[in-house]
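One structure is given below, represented as structure tokens, and several questions about it will come after.
The values are calculated or read from the model by the stated rules, or taken from the named source; none is laboratory data. Given the structure is predicted, the values throughout are model-derived calculations rather than measurements. When we count neighbours, we look across all protein chains shown, and the Cβ atoms used for this are built from the backbone with ideal geometry, even at glycine. Heads up: the accessible areas ignore ligands, DNA and RNA and are worked out on the full protein's heavy atoms, side chains in. Shrake-Rupley method; radii C 1.70, N 1.55, O 1.52, S 1.80 Å.
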Amino acid sequence: MLIRLGFEIVYECRQPTPMLLMLSIRPERRLDLVEPEILVVSQDAPAHHYVDGFGNQCSRVLAPAGRTTLSSLFTIRDTGQPDEPFGDAIQHRVEDLPDEVIVYLLGSRYCDTQLLQDQAWALFGKTALGAERVRAILDYAHTRITFNYQHARSTRTGFDAHEERVGVCRDYAHLAITLFRCMNIPARYCTGYMGDIGIPVEGVMDLSAWAEIYLGGQWWTVDARHNRPRIGRVPMAYGRDAVDAAITTVFGPADLVGFTVISDEIA
């Protein structure tokens, strides 16, 4: 299938303001592009591009005072298949994990493993390693939190989401990732496009957050918020948590005054 993807993000800056952007799709999906993915910055603010330590395509912009619009619109090919099931993929012993995967067992800014370690082992310590444990954690995170845009909060950690029992997709991801790491399952945070393809329309389109776990020598997509395979997922960035995969980071006073996302199947 073909999917039309894009965004328009508008900031009002009170002074010239540096910005760090992760608004490009992951390099692994670039061969699927039907046309070039181009970041357009209004006011002719030049962008400097580089690849970070997680392999994410990053852009640096100095937005001038006033209104700056960031936008892109492009088409990508997709298999049209739902997320691949992890099946009976094995859970590795910690001592057998590749060196580059170990970082995804450690606590991070939003995945405060030290606060949920004991509870995680009490909840999941008797589950079988691998698929059974993963499914138990996903089910728990899915039912523990009630989705509510009105309760979105950028400072909420995985532990906070567990205690407050409310949040948005990033909170489901942070809670699940925290619990996975507590149980020695490497997990990383992902952000990207995921439209309402194959399901009823759920509301205003937005970017989404989910997790990937390392089992059987590879990474698998898991999504505690929806808790079922989805179609048309296109990752933009991943890292330890939302700090590493933030679509925009603004270094100064600026107001977000417009945010539109497109993720539609082309008939």
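As a test of reading the structure, rank Thr155, Thr143 by solvent-accessible area (1.4 Å probe, protein chains only), most first. Before the final figure, lay out each step's value.
On the way: Thr155 70, Thr143 95 Å².
Output order, biggest surface exposure first: Thr143, Thr155.
Suppose all protein chains stay in the model; what accessible area per residue would a 1.4 Å probe give for the stretch 67-148, in Å²?
57 Å²
For helix 169-182, what angle does its Cα long axis make with the longest principal axis of the chain, in degrees from 0 to 90 and rounded to 10?
Tilt of helix 169-182: around 40 degrees.
Can you tell me the relative contact order of the stretch 151-267? Whole percent, Cα pairs under 8 Å, sequence separation 6 or more.
Details: 177 pairs, mean separation 31.3, N = 117.
Once divided by the residue count of the stretch 151-267, the mean separation gives 27 percent.
Next question, about the same structure. How large is the direction-averaged shadow of the alpha-carbon convex hull of the stretch 1-157, in nm²?
Values: hull surface 52.4 nm².
Average projection, Cα convex hull of the stretch 1-157: 13.1 nm².
Please report the carbon-and-sulfur percent of the accessible area for the chain; probe 1.4 Å, protein heavy atoms only, DNA, RNA and ligands left out.
53 percent
If you don't mind, there's one more thing I want to ask. Build a GNM of the chain with springs between Cα atoms under 10 Å: which of Gly55, Gly80, Gly252 gets the top mean-square fluctuation?
Gly252
Right, something else. By how many degrees, 0 to 90 and rounded to 10, does the Cα axis of helix 113-124 deviate from the longest principal axis of the chain?
With both axes taken from Cα atoms, the answer is about 50 degrees.
Separate question: Would you calculate the volume per residue, in Å³, of the smallest convex hull containing every Cα atom of the chain?
Values: hull volume 34.4 nm³, N = 267.
Per-residue hull volume (Cα only) is 129 Å³.
Please work out the average accessible area per residue across the stretch 151-267, using the 1.4 Å probe convention, and give it in Å².
Roughly 35 Å² per residue, with all protein chains present.
Mind ranking 182-190, 82-90 by how tightly packed they are, going by the mean number of other C-beta atoms within 10 angstrom, highest first? Don't skip to the end; give the middle numbers.
On the way: 182-190: 24.1, 82-90: 13.4.
Put in order of decreasing packing, that is 182-190, 82-90.
Distance between the C-alpha centers of the stretch 94-173 and the stretch 40-72? Whole Å please.
Their Cα centres are 32 Å away from one another.
Right, here's the next one. For the Cα atoms of the chain, what angle does the longest principal axis make with the long axis of helix 131-144, in degrees from 0 to 90, nearest 10?
For 131-144 against the chain, the angle is about 60 degrees.
In cubic angstrom, how much convex hull volume per residue do the alpha carbon atoms of the stretch 151-267 span?
Here the figure is 136 Å³ per residue.
Largest first and in whole Å, give the semi-axes of the stretch 87-133's equivalent ellipsoid, each being the square root of 5 times a Cα gyration tensor eigenvalue.
Gyration-tensor ellipsoid for the stretch 87-133: 19, 18, 8 Å.
Let me ask another. When the label point is put 7 Å from the Cα of Arg67 along its Cα-to-beta-carbon vector, which residues of the stretch 242-258 have a backbone N closer than 17 Å?
Zone members listed by number: 254-258.
Moving on to the next point. For the stretch 26-82, what is the Kirkwood hydrodynamic radius in Å, using each pair of distinct C-alpha atoms?
13.4 Å
Let me ask something else. Under a Cβ-Cβ cut-off of 14 Å, what is the net charge of the residues other than Ile199 that fall near it, where Lys and Arg count +1 and Asp and Glu count -1? It would help to have the intermediate numbers written out before the result.
Numbers: positive: Arg225, Arg228, Arg230, Arg233; negative: Asp83, Asp196, Glu202, Asp223, Asp264, Glu265.
Counting the neighbours of Ile199, the net charge comes to -2.
Could you work out the equivalent-ellipsoid semi-axes for the stretch 125-187, taking the square root of 5 times each eigenvalue of the Cα gyration tensor, largest first, in whole Å?
22, 11, 8
Something else: If R0 is 45 Å, what FRET efficiency do you get for Glu84 and Gln15 from their C-beta distance, rounded to 0.05? Before the final figure, lay out the partial values.
Values: r = 47 Å, r/R0 = 1.04.
Taking R0 as 45 Å, the efficiency between Glu84 and Gln15 is 0.45.
At R0 = 41 Å, how high is the FRET efficiency between Tyr50 and Lys126 if r is their beta carbon distance? Nearest 0.05 is fine.
According to the calculation, E is roughly 0.35.
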